Each structure stands twice: as C-alpha cells, then as structure tokens.
Amino acid sequence: MAVGWSRDGAVQDQIDATVEEAVERARSRLPAGESLTHCEECEAEIPEARRKAVPGVHLCVRCQSEREKKQRPASGFNRRGSKDSQLK
C-alpha cells in the first residue's frame, strides 16, 4: 500500500485520462459528412467501397497514405513527465 500525497488509484486515474484524451484526439481527426467521389489532391476516383467504409473521406488511398507518412507520430506522454515513470 503506497502512502503519500496522492490517493489510492490516482496513478490509474492519470493513465485512464491520458488514454481517453488520446481516443478523443483520434476521433476528432476522423472524417465526417459526405464522401467525395474524387480525391481532393489528385482528382483520382475514390472507389465506392472506400466511400462506404470511411464516411466523409476526401482523399484516395495513395494520397491518404502519403499524408499520414508526413504527419508526426504522437509521442508517448504521461502526466508524470516520463514514459517509464510508472515502471519504477
């Protein structure tokens, strides 16, 4: 049983909050609305199967892949400041 400044379960609450924030951030980046029939960037036709699978899609698979490669990956971050702070 740990004693100190935080109550029991505080570390798990921090982990849960971090996961919830990451999920919300990911959901906010999902496309919404009506899908386009042609890609915004290259004008290639977007297959109907993709339009149905990803509502609100605006890019073809190739352009979407290229865009994702350019984006920085989200770094692991927890509220205590260090990835391994909870492993000690």
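Details
- Within the range 43-53, being touching a helix residue (DSSP H, G or I) at 6+ places or on another chain (Cβ under 9 Å) and in a helix (DSSP H, G or I) holds for one residue alone: ARG50.
- Restricting the first member to the range 23-42 and to residues that are at pLDDT 85 or above and outside any loop (DSSP other than H, G, I, E, B), and the second to residues that are of a type in the set (A, V, I, L, M) and surrounded by fewer than 12 Cβ atoms within 10 Å (Cβ to Cβ), the beta-carbon pairs closer than 8 Å and six or more apart or on different chains are ARG25/ALA74.
- Single residue of the range 1-22 satisfying the filter (modelled with pLDDT of 90 or more and touching a helix residue (DSSP H, G or I) at 6+ places or on another chain (Cβ under 9 Å)) that is farthest from HIS58 (Cα to Cα): GLN14
The values are calculated or read from the model by the stated rules, or taken from the named source; none is laboratory data. Everything numeric in this text was worked out from a predicted model, so none of it was measured. So basically every Cβ, Gly included, is an ideal-geometry build from the backbone, and we count neighbours across all protein chains shown.
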